[in-house]
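> First the structure, which I've put down as structure tokens, then a few questions once you've had a look.
The values are calculated or read from the model by the stated rules, or taken from the named source; none is laboratory data. Keep in mind the model is a prediction, meaning the values are calculated, not measured. Cβ: placed from backbone, ideal geometry, glycine included. Neighbour counts: every protein chain shown.
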Amino acid sequence: MTFLYKPMGALALWAVCAAAQAQVSVENAWVRATVPGQKSTGAFMTLRSASDARLVAAQSDAARAAEVHEMKMEGDVMRMREVQSVALPAGQTVELKPGGYHIMLLDLGRQIVEGETVPLTLVIETAGRRETLRVQAQARPLASAARPAAHGHGAH
Ligand SMILES: [Cu+2]
């Protein structure tokens, strides 16, 4: 009598990515919720990298484009502009926050509702090598640290 063993070919091999990682940790990621029809919003978080790295780009399923922005006072007007990257020096905590660096989500495909989770992909560059990092950002109310006049995006 022969025993027929079930073929195991379908057994999934879960590939573990062993590539060198910048080991960037992300905490407190959040996105400012929007009102219907609003086309852009900001994403914020606290980043910490084990080795010198840079945040060079971001993406989100919720937006057709995302840019890394810096906001700062010019005279008495708060302005923001796109930056090439945000430095993540080894071991230091870098905050993306209202009034400073942030990820601008542009051309939103839908409203971002308070309480929902918005997936973001960060592109981190370390020693010339890029890797992506998935982040789940929580949508928080418009009122969080609001600086309403500061986020005009007419120029985009
Ligand atoms: Cu911005």
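> Based on what the data block shows, is Lys72 of a type in the set (Lys, Arg), surrounded by 15 or more Cβ atoms within 10 Å (Cβ to Cβ) and in contact (Cβ under 8 Å) with a residue 24 or more places away in the chain?
no
> Moving on. So Gly128 fits all but one of (1) of a type outside the set (A, V, I, L, M, F, W, C); (2) over 30 Å from Asp76 (Cβ atoms); (3) within 16 Å of the chain's Cα centre (by Cα); what number is the exception?
(3)
> If you scan region 42-63, which residues turn out to be within 15 Å of the ligand (Cβ to nearest atom) and of a type outside the set (A, V, I, L, M)?
Those that are within 15 Å of the ligand (Cβ to nearest atom) and of a type outside the set (A, V, I, L, M): Gly42, Phe44, Ser60.
> For region 75-110, which positions are away from the ligand (no atom under 14 Å from the Cβ), modelled with pLDDT under 95 and over 17 Å from the mean Cα position of the chain (by Cα)?
Of everything in region 75-110, those that are away from the ligand (no atom under 14 Å from the Cβ), modelled with pLDDT under 95 and over 17 Å from the mean Cα position of the chain (by Cα) turn out to be Gly75, Asp76, Val77, Arg110.
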